[in-house]
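Structure first, commentary second.
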């Protein structure tokens, strides 16, 4: 069966990619499987300058998922280009760079810099992180600010530009249309939901930042609904993300109109999750004697 897909002119051998922040830079999986088996890898979120991240504790489990408040901790662009990027050159899979910033200029400069790197095939604007005080949701929750951000980055891009949208806003289709109309080549739906947990022994919030991004199985119906709604109002490709734990979950997103699916939290407790999800998709397509293209959007 043909599992290959194309998004914004970039060909993927299959629709399974990793979600940013849950798989490092891809090579962390080397002891488990060959990441070239995946359609793509979305790199850990990158900012222009080094960020220490939020005050610990940064992660806590819930009954049906995970809360995180990492705060976009990373070593910054110069460290990335000197120490991380050279390690990516041996792989053949597609790499997607996820970028964040405190200002529009931060995003624009990163877009320019990353556009020059051959191994980076797509740039994903993270305009929707719910657990950083500067940037993050401030860009993704105001449609006028988001429009300005996308327009500014689009003017400097040399690679396809995707926007990762937040579920913690107004009507998702309005934000999706705004991105498409202002130069986005694709969308990622969705980032984590805003949530919190309280430690009943201390009577205090379990996260140092009080609130964090909620991910895992419980968010899938919400994310799936948003992908289905958005696929009906935009023509640009969508990466579906949120609570995907199995091949069946991934197929639901593809049937709802997603071109690719991003596996996130599942990889944190099972490093082989993305491969197992890919196997599930392949098994279904073989059993039904259908290529992936014939399945995409069939529920619309």
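Quick rundown of the values:
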item	result
Filtered residues of the stretch 269-300 (kept if crowded, with 17+ Cβ neighbours inside 10 Å, in a helix (DSSP H, G or I) and touching a residue at least 60 places away in the same chain (Cβ under 8 Å))	274, 275, 277, 278, 281, 285, 292
Whichever residue in the stretch 101-122 is at pLDDT 95 or above and in a loop (DSSP other than H, G, I, E, B) and, among such residues, is farthest from residue 51 (Cα to Cα)	118
Failed item, numbered, when residue 245 is tested on (1) assigned to a helix (DSSP H, G or I); (2) in contact (Cβ under 8 Å) with a residue 24 or more places away in the chain; (3) surrounded by fewer than 22 Cβ atoms within 10 Å (Cβ to Cβ)	(1)
Selected residue (only one of 208, 170, 212 is over 23 Å from residue 122 (Cβ atoms) and part of a strand (DSSP E or B))	212
Counted residues, the stretch 82-95 - those being in contact (Cβ under 8 Å) with a residue 24 or more places away in the chain and farther than 16 Å from residue 28 by Cβ	3
Any hit, the stretch 49-57, residues being part of a loop (DSSP other than H, G, I, E, B) and without any contact (Cβ under 8 Å) to a residue 24 or more places away in the chain	yes
Test for residue 250: is it at pLDDT 95 or above, part of a helix (DSSP H, G or I) and touching a strand residue (DSSP E or B) at 6+ places or on another chain (Cβ under 8 Å)	yes
Flag if residue 5 is crowded, with 18+ Cβ neighbours inside 10 Å, touching a strand residue (DSSP E or B) at 6+ places or on another chain (Cβ under 7 Å), within 23 Å of residue 213 (Cβ to Cβ) and modelled with pLDDT of 95 or more	no
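The values are calculated or read from the model by the stated rules, or taken from the named source; none is laboratory data. What you see is a predicted model; the values in this text were computed from it and never measured. We place every Cβ from the backbone using ideal geometry, glycine too, and count neighbours over all the protein chains shown.
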